[in-house]
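Participant: Quick one: structure below, then a few questions.
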Amino acid sequence: IFQDPVLAKARPDLALTSSTTGKQWTDNKKVMWVDPAGKEVWDYNVTIAKDALARGFDEVNFDYIRFPTDGNTDDIQYPFWNGKTLKRYVIRDFMKYMRQSLPEAKISADLFGLVTINYGVGGIGLNIDDAYHYFDAIAPMVYPSHYNKGFNGYQNPAAYPYDVVYISILEANKRLEQYKIIAANSTSTEKYLVKNPELRPWLQDFDLGATYDAEKVRAQITAVYAAATGTPMGWMLWDPSNNYTKAAL
């Protein structure tokens, strides 16, 4: 969504720029971004989603719904964000706009895994409770290798796939159940557009921090089922090379 070098190149006026060079800002991977507060950026992605749905896809999944995390973020100039509105509110308003623009569509959102246990993640605008309002499925990327050293006392969280996923999904599911109660009983003017969202995490099937063999991949799957506390829950596996561990399945 917001890490979009194609749009940033075609429309420099929508892109983040460097206050040092005046050129388009890039992250550590030299990838360009667009402004999360840009209304035209929102509409551009609505158009892409509608096109995908018109071609027969039954769900559209949104990724990189956030402000940049890596690179010299202090060097960024935003063409639309005023620097005062909380980043969380910018991202929340984008989520709401997507739901209102695609009222009948099934849409899902990828979020950092840490949103399951934190109420704010590194000042990038992500909050899982906001996502529950507007998406049919929420997919936190609870990859153990992406948790900070010292999480739950572990020097290397990647070596503890069951524990990391269990703790994360247990908390996320608890917050989801709380949201469902509020949504079902709310008498406020706030319109809960999705009253029964699904929690469907991404799990790790790639080597980072540890070798992810069948045992470690399966441990994550088992943890999801254990943390679901009676609620049917799906999951997805991710490997950037698309080589999956068949023995874990």
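The values are calculated or read from the model by the stated rules, or taken from the named source; none is laboratory data. Bear in mind the structure is a predicted one, so any value in this text is a computation, not a measurement. Quick reminder, even Gly has a Cβ in these numbers, built from the backbone with ideal geometry, and neighbours come from all protein chains shown. In case anyone asks, the SASA skips ligands and DNA or RNA and just uses the protein heavy atoms, side chains included. Shrake-Rupley method; radii C 1.70, N 1.55, O 1.52, S 1.80 Å.
Participant: Among the numbered criteria (1) at pLDDT below 95; (2) farther than 22 Å from Ile124 by Cβ, which single criterion is violated by Gly71?
Facilitator: (2)
So that you can scan it fast, the table gives a plain yes or no per residue for (1) without any contact (Cβ under 8 Å) to a residue 40 or more places away in the chain; (2) closer than 19 Å to Gly113 by Cβ; (3) open to solvent by less than 60 Å² (accessible area, probe 1.4 Å); (4) among the polar types (S, T, N, Q):
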residue	(1), (2), (3), (4)
Val142	no, yes, yes, no
Ala158	no, yes, yes, no
Val194	no, no, yes, no
Leu208	no, yes, no, no
Tyr212	no, yes, yes, no
Met233	no, yes, yes, no
Met236	no, yes, yes, no
Pro240	yes, yes, no, no
Lys246	yes, no, no, no
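Participant: Which condition number does Tyr89 fail, the rest of (1) within 19 Å of Asp130 (Cα to Cα); (2) among the aromatic types (Phe, Trp, Tyr); (3) surrounded by 15 or more Cβ atoms within 10 Å (Cβ to Cβ) being met?
Facilitator: (3)
Participant: Restricting to region 5-37, name every residue that is surrounded by fewer than 18 Cβ atoms within 10 Å (Cβ to Cβ) and either among the β-branched types (Val, Ile, Thr) or part of a loop (DSSP other than H, G, I, E, B) (or both).
Facilitator: Val6, Arg11, Ser19, Thr20, Thr21, Gly22, Lys23, Asp27, Asn28, Lys29, Lys30, Val31
Participant: In region 166-189, what count of residues is obtained for those that are surrounded by 15 or more Cβ atoms within 10 Å (Cβ to Cβ) and either in contact with a Pro (Cβ under 6 Å, 6 or more places away or on another chain) or under 14 Å from Thr229 (Cβ atoms) (or both)?
Facilitator: 11
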